[in-house]
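First comes the structure, then the notes that go with it.
FYI, it's all coordinate maths here, none of it is from the lab. Keep in mind that what you see is a predicted model, and the values were worked out from it rather than measured. In this analysis, Cβ positions are derived from the backbone assuming ideal geometry, glycine residues included, and neighbour counts consider all displayed protein chains.
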Number of protein chains: 4
Amino acid sequence: MPYKQLKKQQMLSAARRLFTEYGFEKTTMQKIADEAGVGVATVFRYFPKKELLIIEVVKEVIEEMVPRFEAISESTQSGYDKMDAILDAYINYISSANRDAIILLESFEYYIAYNPMEEPLTEEIYQTYTKVERIIDQAIQDGIQDGSISLSSTEQMNATTILNLFGTAIKKHAFNSLLSNVIVPIPTKEQLLQLKSMLLLYLKNASRH
Amino acid sequence: MPYKQLKKQQMLSAARRLFTEYGFEKTTMQKIADEAGVGVATVFRYFPKKELLIIEVVKEVIEEMVPRFEAISESTQSGYDKMDAILDAYINYISSANRDAIILLESFEYYIAYNPMEEPLTEEIYQTYTKVERIIDQAIQDGIQDGSISLSSTEQMNATTILNLFGTAIKKHAFNSLLSNVIVPIPTKEQLLQLKSMLLLYLKNASRH
Amino acid sequence: MPYKQLKKQQMLSAARRLFTEYGFEKTTMQKIADEAGVGVATVFRYFPKKELLIIEVVKEVIEEMVPRFEAISESTQSGYDKMDAILDAYINYISSANRDAIILLESFEYYIAYNPMEEPLTEEIYQTYTKVERIIDQAIQDGIQDGSISLSSTEQMNATTILNLFGTAIKKHAFNSLLSNVIVPIPTKEQLLQLKSMLLLYLKNASRH
Amino acid sequence: MPYKQLKKQQMLSAARRLFTEYGFEKTTMQKIADEAGVGVATVFRYFPKKELLIIEVVKEVIEEMVPRFEAISESTQSGYDKMDAILDAYINYISSANRDAIILLESFEYYIAYNPMEEPLTEEIYQTYTKVERIIDQAIQDGIQDGSISLSSTEQMNATTILNLFGTAIKKHAFNSLLSNVIVPIPTKEQLLQLKSMLLLYLKNASRH
DNA sequence: AATGAATGAGGGTTCATTCAT
DNA sequence: AATGAATGAACCCTCATTCAT
């Protein structure tokens with residue numbers, strides 16, 4: 001069992017590396033096989049379609065990511081502190097080695113835009129995707145109940161929107177940083193932390209304006 | 001001469017339509033030729049490489065876009081009002097027919113990520129890209145000078161970051177709305193307008209906190 | 001026009017030769033291209049799927065065949081003489097160079113048994129297939145009306161059956177003769193002619209027994 | 001020993017089922033292994049080449065078939081009655097469950113046409129194939145000697161030819177009935193029985209014309 | 001002995017690009 | 001100048017067969 005799992009993991013890792021570096025389309029099954037040190041047919045044994053390999057890689061990435069947010073969600077901090085932690089997690093992601101993860105995710109969103117897949121395949125991914133949103137919503141709810149966040153119900157919707165846009169932007173910027181030659185300015189970590197302060201301030205005081 | 005120009009425009013339009021709908025990679029030169037009502041070889045006469053056609057289409061899109069911001073920049077309003085107008089322009093873009101333009105741009109950012117091109121080709125695009133940023137910066141500068149915006153120099157950097165993130169997020173969301181099956185929640189126009197109010201409020205009052 | 005037609009014919013001929021010699025499955029598109037002296041992509045330009053090439057080859061074969069029977073059908077001979085001519089045509093086919101044609105047809109029947117195709121593709125072939133049967137039926141009808149054939153209505157059905165079986169067997173034997181190593185005895189032309197005499201005798205006299 | 005034999009039989013049966021339904025080429029060794037409930041490697045232990053498995057399946061089919069004819073041949077009936085029985089056997093075959101057997105045989109004839117095998121492998125099959133012919137010949141001989149059949153020596157050759165053609169056609173029609181979408185008319189059992197009567201009549205009376 | 005794992009050779013098909021008219 | 005025709009390189013995927021346990 002561990003051997004089989006090992007081989008599979010080897011291929012997934014090879015695929016992940018190549019997908020991250022060259023993108024899904026430019027990475028051929030043959031190259032993945034070579035990188036993993038196996039034959040092409042072996043790759044197809046484990047992932048009968050390229051699509052399936054892509055899906056599995058993306059799932060892996062997401063599944064590494066979500067627990068961090070879940071851990072925060074399930075902690076005993078105040079809602080406000082949860083949001084603080086969540087935003088930190090976002091920001092740290094793009095400076096860490098796991099930045100690759102975000103690049104892959106971002107890339108995938110583009111990929112499916114023009115390579116639609118059968119629903120069942122992507123279902124699980126979408127499930128996990130929304131999980132993060134629910135976690136954010138929940139943190140806000142928690143904060144409202146424990147008094148650490150004060151937002152009217154309209155403001156609450158806005159807060160979600162804002163945080164979503166923030167997440168979107170962070171991920172996109174992480175992706176942009178892939179491009180060695182891009183000129184779109186990448187925000188520094190300090191700038192992002194400043195922005196975080198602003199957002200937290202908003203969560204705390206919005207309704208007091 | 002107008003005939004030649006016409007033919008070229010016809011091809012560009014065909015390409016743009018197809019690129020927007022099917023993406024750069026899935027759109028073949030043959031389909032573009034068909035859509036434009038010319039032969040493939042003709043397309044290659046005008047655009048010797050697919051890359052070049054892509055570049056020209058993207059340039060066209062950007063060049064339609066920038067003047068709107070430039071017009072605002074060159075108007076006689078206060079810096080604050082310029083920012084107001086700029087944010088409006090952003091927001092309106094994604095609900096208008098020109099949403100297609102944003103989709104194309106976003107798509108292009110992914111495309112070059114994995115299909116790096118010779119610098120000279122993309123140079124002009126990057127030039128134009130940064131132009132918008134400079135316009136934003138300028139508007140803020142103007143506002144500070146005319147007193148309609150009050151930001152310390154640190155805050156000013158933050159403001160630029162924030163507005164960049166805002167732009168990034170808006171564009172990404174416009175792209176997401178392409179995906180019929182995506183679950184990532186698209187913000188409503190109202191939510192975006194609320195967010196705009198917040199940003200403007202920040203520009204006005206940041207330094208007074 | 002004639003040039004394009006020529007190229008297409010060249011490929012069809014190459015395909016036909018190879019299909020006849022090696023069968024549909026063992027003949028690759030690449031080999032066909034080589035045999036025709038063109039690139040693979042060119043073959044695909046004219047026949048976007050291998051299936052379509054197969055269909056066209058088979059159609060060509062059938063269309064060469066049917067007119068012979070139609071000519072007989074439309075001639076002014078008595079029904080009996082038509083049958084005589086039809087049987088002759090059958091028999092001559094398997095000894096002539098056109099024996100290849102029958103091999104191909106027979107091979108095709110096997111091919112579609114396990115490679116079912118979309119109806120519209122095979123429709124035309126089936127149409128033509130049944131045409132021969134209708135011609136036989138018509139010849140018998142003609143013979144009955146002009147008195148050259150005497151069959152009761154039951155016998156008429158039998159006659160059709162018999163002639164169908166005869167046709168089936170002839171074709172199958174022609175195919176068998178492909179197999180250099182086959183031991184199934186191939187009937188000689190003389191034997192077939194004898195059999196023809198029997199069948200004609202039956203047509204003339206059946207109802208008089 | 002019985003265990004080994006059992007396993008082997010299981011594989012043969014699985015192969016036979018799949019070969020009949022999907023053809024030799026479209027049936028993979030893996031599917032056979034699955035259907036037989038063993039590993040692929042095991043199939044290859046017993047049948048080192050796919051060819052060998054095909055041969056064995058075909059042999060099995062033939063060996064089920066021939067004894068029926070042999071039984072008739074060795075019975076004490078008149079030659080005429082033997083022929084009657086032989087024709088009945090043929091006809092019944094194609095309506096019975098054993099129709100599958102004929103489909104397989106027919107399929108095999110096409111298969112070897114384009115996948116020639118080493119002589120020794122097919123030798124046995126050809127031996128058995130001709131056995132049926134010899135049985136028919138023998139029955140006719142018997143009939144001539146016991147007076148139940150009257151044919152001159154030329155007629156005797158014709159009779160063999162006719163009966164061969166009859167057998168060929170019957171088998172081919174059985175195969176055709178596989179094809180759900182075929183339009184070639186399948187003769188009914190009644191029509192075949194009528195034809196049988198004719199043939200028997202011929203055997204009895206040919207020389208009296 | 002039995003088996004799942006591994007694989008290379010090969011097949012159909014696509015597409016940017018070049019050629020020839 | 002305009003174009004349809006031509007094409008090789010590359011891609012995804014399959015399968016009989018061998019290997020290692």
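Values for this structure:
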read-out	value
Rounded to the nearest 20 debye, dipole of chain D from Cβ charges on Lys, Arg, Asp, Glu	520 debye
More than 38 angstrom apart: percent of Cα pairs within the protein assembly as shown	60 percent
Summed residue charge, Cβ within 11 Å of A:E118's Cβ, Lys/Arg positive, Asp/Glu negative	-2
Sparse-neighbourhood loop sites, chymotrypsin sites (Phe, Trp or Tyr not before Pro) in segment D:3-55 - DSSP loop, at most 12 other Cβ within 10 angstrom	none
Position D:T28, label points 7 Å along Cα→Cβ, spacing to each other copy in nm (shortest first, one decimal)	1.9, 2.2, 2.8
FRET E, pair D:Y22, B:E21, Förster distance 35 Å, beta-carbon r, rounded to 0.05	0.30
Qualifying GluC sites (Glu not before Pro) for segment B:80-162 [loop in DSSP, other Cβ within 10 Å: at most 12]	B:E118
Charge dipole (debye, nearest 20) of the protein assembly as shown; +1 at Cβ of Lys and Arg, -1 at Cβ of Asp and Glu	620 debye
20 Å Cα-Cα threshold exceeded, pairs from A:K171/B:K204; C:K26/C:K50; A:K7/A:K50; A:K4/D:K8; B:K7/B:K171; B:K8/B:K49	A:K171/B:K204; A:K4/D:K8; B:K7/B:K171
Farthest toward positive dipole pole in chain C [+1 Lys/Arg, -1 Asp/Glu at C-beta], among C:S78, C:I140, C:I102	C:I102
Calculated FRET value between C:T154 and D:K31, using beta carbons and R₀ = 51 Å, to 0.05	0.60
Electrostatic dipole magnitude of segment D:3-48 [Cβ: Lys, Arg +1; Asp, Glu -1; Cα centre; debye, to 20]	220 debye
Kirkwood Rh, angstrom, segment D:3-48 [1 / mean 1/r, Cα pairs]	10.2 Å
For chain B, average projected area of the Cα convex hull in nm²	13.8 nm²
R0 of 25 Å, Cβ-Cβ distance C:D88-C:T128: FRET efficiency to nearest 0.05	0.75
Between segment D:130-182 and segment B:61-140, the Cα center-to-center distance that results, in Å	86 Å
All aspartates and glutamates inside 20 Å of D:K196 as judged from Cα atoms, apart from same-chain residues fewer than 8 positions distant	C:E155, D:E70, D:D81, D:D84, D:D88, D:E133, D:D137, D:D142, D:E155
Cα-based helix-to-principal-axis angle, C:2-26 vs chain C, degrees rounded to 10	80 degrees
Overall form of segment D:95-205 per C-alpha gyration tensor (a/c, 1.5; a/b vs b/c)	oblate
Acute angle (nearest 10 degrees) that the helix B:79-95 long axis makes with the longest principal axis of chain B, alpha-carbon atoms	40 degrees
Reach of B:K31 by Cα under 13 Å, taken over aspartates and glutamates that are not fewer than 8 positions away in the same chain	B:E21
